[in-house]
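Reviewing the structure listed below.
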Amino acid sequence: MYQIVNKQNLNPTVTLMDIKAPYVAAKAEAGQFIILRVDADGERIPLTVAGYDRQNGTVRIIFQIVGATTEKLNHLNVGDSIHDFVGPLGTATKLDGLKKVCIVGGGVGCAIALPIAQKLHEMGCNVTSIIGFRSKDIVILEDDFRAVSDRMFLMTDDGSYGRHGNVCVPLNEMFAEGEKFDEVITIGPLIMMKFVVKATQPTGIPCTVSMNPIMVDGTGMCGGCRLTVGGETKFACVDGPDFDGHQVDWDLAVKRNQMYRDFELRKHEEVCNLYKQEVK
């Protein structure tokens, strides 16, 4: 069993937890993920490592409440325990040799982007961060990004906070001014990553994307995270989750990501109804 030692509600639908898992914390790196089960009868879900403390033996996860398991997980509190917490899995983000990088995060994907930005900052890399959200009320991790960024842009779709517009606005502005980066690393909704990749294509700047959003099982067995990269079939959980964004078939990836949406909504509603009955 893996105890929850810290819990914070970052916004109404996004929660941060620190889990006591010393063996996972000892090996975890930015870009990797874990698989957890809330209880013995629960489903396995993959969540990207959002941070780790090797000294205290804790691993940080940040998740959005979208389905049955994340709803159950969110009902646990400090002192409660998670049944299974396995990892680290996947390939760590490759950062060696980078001197100047632009990190582009969207929504809850910023939780995955942050440890990468932190690692780059520790390496002495010049970090430009662009983080985007729909509106002010769902902004997360702003101060954390500012602490590790040489330059930061905060964007909201409705203009309620930071600058008005999507993450591609400052990115395209920098490219128009002749700005160069060793690499652009983007993590967020698939449609956002697709257009970030599109913005980098004319510049020739490498663009790494995290395909964590399409992972389901996390072991390569279900095939839910199958995608086409450079004309070859890959699995996000086994071969990734990081890939060369210029090689990803984005139209296919977006279609696959929508396959389980109705199922997730239905199961989420069922679990919510069960908790409502318990309250009565």
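The values are calculated or read from the model by the stated rules, or taken from the named source; none is laboratory data. Keep in mind that this is a model prediction, so the values were computed, not measured. Here the Cβ positions follow ideal geometry from the backbone for every residue, glycine too, while neighbour counts run over all protein chains shown.
Against the numbered list (1) modelled with pLDDT of 90 or more; (2) more than 18 Å from the chain's Cα centre (by Cα); (3) among the small types (Gly, Ala, Ser), Gly223 comes up short only at (1). Restricted to segment 79-102, and to residues there that are over 20 Å from the mean Cα position of the chain (by Cα) and under 26 Å from Ala21 (Cβ atoms), the residue that is surrounded by the fewest Cβ atoms within 10 Å (Cβ to Cβ) is Gly79.
Scanning segment 121-156 for residues that are touching an Asp or Glu at 6+ places or on another chain (Cβ under 7 Å) and modelled with pLDDT of 95 or more, which turns out surrounded by the fewest Cβ atoms within 10 Å (Cβ to Cβ)? Here the residue is Asn126.
Which of the residues that make up segment 97-156 are under 18 Å from Arg60 (Cα atoms) and of a type in the set (Lys, Arg)? Across segment 97-156, the qualifying residue is only Lys119. Screening segment 157-211 for residues that are of a type in the set (Asp, Glu) and under 22 Å from Leu95 (Cα atoms) and picking the one that is modelled with the lowest pLDDT gives Glu179.
Yes/no per residue for (1) surrounded by 21 or more Cβ atoms within 10 Å (Cβ to Cβ); (2) assigned to a strand (DSSP E or B); (3) of a type in the set (Asp, Glu):
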residue	(1), (2), (3)
Ile4	no, yes, no
Asn9	no, yes, no
Thr15	no, yes, no
Ala26	no, no, no
Gly31	yes, no, no
Ala40	no, no, no
Glu43	no, no, yes
Gln55	no, no, no
Ile61	yes, yes, no
